[in-house]
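Colleague: Before I ask anything, let me first share the structure, which is written out below as structure tokens.
The values are calculated or read from the model by the stated rules, or taken from the named source; none is laboratory data. Owing to the predicted nature of the structure, the values given are computational and were not obtained by experimental measurement. Cβ placement follows ideal geometry from the backbone for every residue including glycine, while neighbour counts extend to all protein chains displayed. We work out accessible area using only protein heavy atoms, side chains counted, and drop any ligands, DNA or RNA first. Shrake-Rupley method; radii C 1.70, N 1.55, O 1.52, S 1.80 Å.
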Amino acid sequence: MRTYKVTGMTCGGCEAAVSRAIRQRLGEDASVEADAGKGEVRVSESADPQIVVFAIDSAGYAVESVSD
């Protein structure tokens, strides 16, 4: 799994928006957790990182860092 640190996520609605955006663009589910303005998104390593970042950005959030 690849982990994306995301800023601006604070609630379940944020989690749902990011999950929906990734599912629409990649056709796969992601593990999304929001916590006090920062969150983590975990997606399989086979997913194109550029598409994942675009999906998160399109949901209104910013990727701070990516780690394997």
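Colleague: Look through segment 11-59, keep the residues that are among the small types (Gly, Ala, Ser) and part of a strand (DSSP E or B), and return whichever of them is surrounded by the fewest Cβ atoms within 10 Å (Cβ to Cβ).
Modeller: Taking the candidates together, the pick is Ser31.
Colleague: Out of the residues in segment 1-10 that are within 17 Å of Val66 (Cα to Cα) and not hydrophobic (A, V, I, L, M, F, W, C), which is least open to solvent (accessible area, probe 1.4 Å)?
Modeller: Tyr4
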